[in-house]
Amino acid sequence: MEVDLSTLRHSASHVMAHAVKNLFPDAKIAIGPSIEDGFYYDFGVKSGFTPEDLEKISEEMAKIIAAKREFVRKEITRDEALEMFKDEPYKTELIRELPEGETISIYEEDGFIDLCRGPHVANTGEIGAFKLLTSAGAYWRGDEHNAMLQRIYGTAFATQEDLDAHLARLAEAEKRDHRKLGRELDLFSLQEEAGPGLVFWHPKGALVRKLIEDYWRNEHLGNGGYELVFTPHIARQDLWKTSGHLDFFTDNMYQPMEVEGQPYLIKPMNCPFHLLIYKSKVRSYRELPIRWAELGTVYRYERSGVLHGLMRVRGFTQDDAHIICTREQLDSETKRVLNFVLGVLKKFGFSEYEIYLSTRPEKSVGEDDVWEHATTALREALEAAGLEYKIDEGGGAFYGPKIDVKIKDAIGRVWQCSTIQVDFNEPERFDITYVGQDNQQHRPIMIHRALFGSLERFMGVLIEHYAGAFPLWLAPVQAVVIPIADRHNEYAQKVVARLRAEGLRVDIDDRNEKTGYKIREAQVQKIPYMLVVGDREAEADAVSVRSRAEGDKGAVPVDQLISELKSELAE
């Protein structure tokens, strides 16, 4: 019988809480859900858990699991629950917030009782293989104004084989951690003096970003059929009232600044600015569809506890585009933008996806027939592209349905990147119209679209996907010329000049170090090609090529090398 991993992990979380209470009787238990790939539990304790503590907790859990103790579910009244958990302040708070009349359930095994909806496995022996991973601080209920708790993360699987495979994936993911590689490859940094969540691009990282941006712009101006726009970083507060962001996005926006007595806000989104450009003159149906794209930097107040390298930051550049079209054009524009998304992602090495079509939520705006038309357009675009997808019932935005494209990286992890969202709300809020063939005013539809999501996050995904070893076209340094001795420096410089003249990104390592050391350094820096030059190479107008991926490739004439590198870049 197939094991429900969510139930198994939830049960492991319960057992972990039991083990912690056995070892640390004064600990106060909070919440312990199953999460993707594991589980956690939060505890109120006087000090953090050490690695030695985790080892002891793990041993105690193993004893409880080996005993195969039965999980028993009981339903109790609110008063009974408050009495039962009177010494557990976090549980008591949760109980008091439950609606009147809601069923309150507990799970008990061998005298340990936890407030829990469940479900759990039948007995602790069914939990299988588990491992405690880390501990970290976490605010109660994710609010920095609340008490700091200690969270223990773990994972569990039905078999030891599955657990071992997962731990191997975690070890590989740790090697690929973009924060670690970002430091080692000198790509970017986050500076506490400036504030958390703000990215500093170092020369090599800035160059990779430029390459991505150049490709993005060229594709939009060429095959994409877009026009580029640039918009400000701040705007009057009233604009964000019109857009609705002050109603539903305030917690993620920074406080207003005063400019000549008027409150201004730094932008969290680009879309209102594109709509103002649209409103700058009367529009005709002959102009539609309009496709405007912008690499627009936005700022959002993310809590410090969720910031994570390039993946979750406070200032980031969205690769935004907005398509303003008639209702009749929605079908063809949806197909067009989906094909564009897939083509761009393929260029960066992504060809496996998890795709979701999110439909109308309970709270939404817009007419039923418009929602049906938009949802059908998205579905037909997916089917025309031959893509498998899942329906996320009710998962759409309140202003329209959407497609989310989640890419799979080299080790099978899934990352949310591209999104295509139909919007009926903003055109209404900004009262944008076009003059139709009947010479009457009509309301257009807007499509929000991002390929990467944000350049920062996409860069983080790229670093981890390639483990820092970028393909030749994205590598900040494509080749390094390594002279064997000082007398070879002059020839090495000539080789560098010839390669650079062909548009290749080439450095020279003429330090007074051994050749083997310089080759190892270049390997660590993940440079695609190392070009060693000595007496024989100088005489033959050649270089000895060492490939990052294939090792020693022997001596090659410089002109042939240039041709081969250009051919690789063309692919």
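Residue pairs whose Cβ atoms lie under 6 Å apart, separated by 6 or more positions or on different chains, with the first residue in the range 557-571 and closer than 12 Å to D541 by Cα and the second small (G, A, S), are P557/A542. Exactly one residue out of L207, L221 is farther than 18 Å from Y466 by Cβ and of a type in the set (A, V, I, L, M, F, W, C), and it is L221. Scanning the range 355-389 for residues that are assigned to a helix (DSSP H, G or I) and farther than 17 Å from F340 by Cα yields a total of 9.
F273 meets the stated requirement of being of a type in the set (A, V, I, L, M, F, W, C) and modelled with pLDDT of 95 or more.
Considering only residues in the range 1-50 that are surrounded by 13 or more Cβ atoms within 10 Å (Cβ to Cβ) and among the acidic types (D, E), the one that is nearest to G154 (Cα to Cα) turns out to be D37. Taking the condition surrounded by fewer than 18 Cβ atoms within 10 Å (Cβ to Cβ) and in contact with a Gly (Cβ under 6 Å, 6 or more places away or on another chain), does L307 pass? Here the answer is yes, as L307 does meet what is asked. Note on the range 144-191: residues that are over 27 Å from V524 (Cα atoms), assigned to a loop (DSSP other than H, G, I, E, B) and not hydroxyl-bearing (S, T, Y) total 5.
Among residues of the range 234-259 that are touching a residue at least 60 places away in the same chain (Cβ under 8 Å), those with a beta-carbon under 8 Å from a residue that is polar (S, T, N, Q) at least six positions away or on a different chain give the pairs G244/N425. With the structure loaded, tell me whether A381 is more than 21 Å from E227 (Cβ to Cβ), surrounded by fewer than 19 Cβ atoms within 10 Å (Cβ to Cβ) and in contact with a Leu (Cβ under 8 Å, 6 or more places away or on another chain) or whether it fails that test. Answer is no for this residue. The residues listed here are D438, D431, D423; of these, the one that is under 25 Å from P268 (Cβ atoms), surrounded by fewer than 15 Cβ atoms within 10 Å (Cβ to Cβ) and at pLDDT 90 or above is D431. Kindly indicate which of D53, D79, D87 is surrounded by fewer than 14 Cβ atoms within 10 Å (Cβ to Cβ) and assigned to a helix (DSSP H, G or I). Being surrounded by fewer than 14 Cβ atoms within 10 Å (Cβ to Cβ) and assigned to a helix (DSSP H, G or I) holds for just one of D53, D79, D87, which is D79.
The single condition among (1) at pLDDT 95 or above; (2) more than 23 Å from K347 (Cα to Cα) that L228 does not meet is (2). Of the residues screened, L187 is one that is touching a Lys or Arg at 6+ places or on another chain (Cβ under 6 Å) and modelled with pLDDT of 95 or more.
Where strands (runs of 3 or more DSSP E) sit wholly within the range 442-508, those with at least 1 residues that are more than 20 Å from Q525 (Cα to Cα) occupy 445-450.
Looking for something buried (at least 20 other Cβ atoms within 10 Å of the Cβ) and under 27 Å from D247 (Cβ atoms) - is there at least one such residue anywhere in the range 329-352? Yes: the range 329-352 contains one or more residues that are buried (at least 20 other Cβ atoms within 10 Å of the Cβ) and under 27 Å from D247 (Cβ atoms). Within the range 260-283, the only residue that satisfies the criterion of being without any contact (Cβ under 8 Å) to a residue 12 or more places away in the chain and among the hydroxyl-bearing types (S, T, Y) is S280. Residues in the range 124-159 that are surrounded by fewer than 16 Cβ atoms within 10 Å (Cβ to Cβ) and under 18 Å from A67 (Cα atoms) were compared, and the one that is farthest from the chain's Cα centre (by Cα) is G125.
Among the residues that make up the range 7-28, is at least one of them in contact with a Lys or Arg (Cβ under 7 Å, 6 or more places away or on another chain), more than 25 Å from L133 (Cα to Cα) and assigned to a loop (DSSP other than H, G, I, E, B)? There is no residue in the range 7-28 that is in contact with a Lys or Arg (Cβ under 7 Å, 6 or more places away or on another chain), more than 25 Å from L133 (Cα to Cα) and assigned to a loop (DSSP other than H, G, I, E, B).
Residues in the range 57-76 that are of a type in the set (D, E) and over 10 Å from A19 (Cα atoms) were compared, and the one that is surrounded by the fewest Cβ atoms within 10 Å (Cβ to Cβ) is E75. Per the listing G468, G554, the residue uniquely surrounded by 13 or more Cβ atoms within 10 Å (Cβ to Cβ) and outside the structural domain of Q416 (by TED's automatic domain parsing) is G468.
Mind checking which strands (runs of 3 or more DSSP E) fall wholly inside the range 212-284 and carry at least 1 residues that are of a type in the set (F, W, Y), crowded, with 16+ Cβ neighbours inside 10 Å and not assigned by TED's automatic domain parsing to the domain that holds L345? Per the criteria, 262-266. Residue under question is E192, and the condition is that it be more than 21 Å from the chain's Cα centre (by Cα) and either in the same structural domain as D42 (by TED's automatic domain parsing) or surrounded by fewer than 16 Cβ atoms within 10 Å (Cβ to Cβ) (or both); does it hold? So E192 passes the test.
Checking R511, R546 one by one, the residue that is buried (at least 17 other Cβ atoms within 10 Å of the Cβ) and without any contact (Cβ under 8 Å) to a residue 40 or more places away in the chain is R546 and no other. With the structure loaded, tell me whether I432 is among the β-branched types (V, I, T), at negative phi and touching a Pro at 6+ places or on another chain (Cβ under 8 Å) or whether it fails that test. When the stated conditions are applied, I432 passes them. For the residues E93, E100, the requirement of being over 31 Å from the mean Cα position of the chain (by Cα) and either assigned to a strand (DSSP E or B) or at pLDDT 90 or above (or both) singles out E93. Scoring R141 on the criteria (1) in the same structural domain as E97 (by TED's automatic domain parsing); (2) over 26 Å from I31 (Cβ atoms); (3) among the basic types (K, R) leaves a single failure, condition (2). Only one of these conditions is not met by G118: (1) surrounded by fewer than 17 Cβ atoms within 10 Å (Cβ to Cβ); (2) touching a strand residue (DSSP E or B) at 6+ places or on another chain (Cβ under 7 Å); (3) under 30 Å from E302 (Cα atoms); (4) small (G, A, S). Which number is it? Tallying (1) surrounded by fewer than 17 Cβ atoms within 10 Å (Cβ to Cβ); (2) touching a strand residue (DSSP E or B) at 6+ places or on another chain (Cβ under 7 Å); (3) under 30 Å from E302 (Cα atoms); (4) small (G, A, S), G118 fails exactly one: (3).
Residue selection: G395 satisfies the criterion of being surrounded by fewer than 18 Cβ atoms within 10 Å (Cβ to Cβ), among the small types (G, A, S), over 25 Å from H465 (Cα atoms) and touching a strand residue (DSSP E or B) at 6+ places or on another chain (Cβ under 6 Å). When G118 is tested against (1) part of a loop (DSSP other than H, G, I, E, B); (2) over 29 Å from V3 (Cα atoms); (3) not basic (K, R), only condition (2) is not met.
The values are calculated or read from the model by the stated rules, or taken from the named source; none is laboratory data. Because the structure is predicted, anything quoted here is derived from the model rather than measured. Methodologically, a virtual Cβ is constructed for each residue, glycine included, from the backbone with ideal geometry; neighbour enumeration extends over all protein chains shown.
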